[in-house]
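Novice: Next up is a structure, given as structure tokens.
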Amino acid sequence: MFVNYLIVFLISMVPIVELRGAIPIAIGMGLDPIVSYIICIIGNLLPVPIIYLFARKVLLWGKDKKYIGKFFTFCIEKGEKGGKKLQAKAGKGLFIALMLFVGIPLPGTGAWTGTLAASFLDMGFKKSIIAVIFGVIIAGIIMGLASMGVFGGLSALFAPKA
């Protein structure tokens, strides 16, 4: 059982997959939803301070390197694009925008991208981390409910009768 929780924890740390992939896997494994939710949130948030403090510096350092330059440039462009889009839509409500960006489980959003975007926007460490924490909590709730079939049950309840 411990091994399964460890697997889910590690999956929640992986970029792109994050907790959005780890929670459905945990539910599919038959793990306790509440324990899995907490483990996935911790796993998803663990890299966030490191990303904020170091990712931008590492990406800028490696963007002109022979083998890693293309990938690092892609990451920089994604972070800058996400940051600019977020700032353009949010204006002064950048905290809420970042929280929703991380919280709504869509492709290309999440703690990794949100934190990178916040670092490119120089949003501030504490403010960024708190917004990402709330976003991850929201994403976890949405994915947990979706994984347990709550949304499917609601759509069946409100679907027109044939």
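Novice: Going through segment 102-120 one residue at a time, which ones are more than 25 Å from residue 145 (Cα to Cα) and in contact with a Phe, Trp or Tyr (Cβ under 7 Å, 6 or more places away or on another chain)?
Specialist: 118, 119
Novice: To continue, here is another question. Only one of (1) open to solvent by less than 50 Å² (accessible area, probe 1.4 Å); (2) closer than 20 Å to residue 54 by Cβ; (3) not polar (S, T, N, Q) is not met by residue 77, so which one is it?
Specialist: Answer for residue 77: the failing condition is (1).
Residue-by-condition table, conditions (1) surrounded by 17 or more Cβ atoms within 10 Å (Cβ to Cβ); (2) in a helix (DSSP H, G or I):
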position	(1), (2)
30	no, no
40	yes, yes
51	yes, yes
60	no, yes
73	no, yes
83	yes, yes
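Novice: If the Cβ limit is 7 Å and pairs must be 6+ apart or interchain, which residue in segment 62-75 that is within 19 Å of residue 113 (Cα to Cα) pairs with which residue that is of a type in the set (Ser, Thr, Tyr) and part of a helix (DSSP H, G or I)?
Specialist: Here the result reads 63/73, each pair linking segment 62-75 to a residue that is of a type in the set (Ser, Thr, Tyr) and part of a helix (DSSP H, G or I).
Novice: For residues that are at pLDDT below 95 and in contact with a helix residue (DSSP H, G or I) (Cβ under 7 Å, 6 or more places away or on another chain), scanning just segment 8-17, find the one that is surrounded by the fewest Cβ atoms within 10 Å (Cβ to Cβ).
Specialist: Per the stated criteria, the residue is 15.
Novice: May I pose another question? Select, from 91, 108, 69, the only residue that is touching a Gly at 6+ places or on another chain (Cβ under 9 Å), on the phi > 0 side of the Ramachandran plot and exposed (fewer than 13 other Cβ atoms within 10 Å of the Cβ).
Specialist: 108
Yes/no matrix, rows are residues, columns are (1) acidic (Asp, Glu); (2) under 25 Å from residue 19 (Cα atoms); (3) under 20 Å from the mean Cα position of the chain (by Cα):
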residue	(1), (2), (3)
54	no, yes, yes
60	no, no, no
66	no, no, no
71	no, yes, yes
80	yes, yes, yes
84	no, yes, yes
102	no, yes, yes
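The values are calculated or read from the model by the stated rules, or taken from the named source; none is laboratory data. Everything numeric here is computed off the predicted structure, so don't read it as measured data. Backbone-built Cβ (ideal geometry, glycine too); neighbour counts: all protein chains shown. All accessible areas refer to the heavy atoms of the entire protein, side chains included, with ligands and DNA or RNA removed. Shrake-Rupley method; radii C 1.70, N 1.55, O 1.52, S 1.80 Å.
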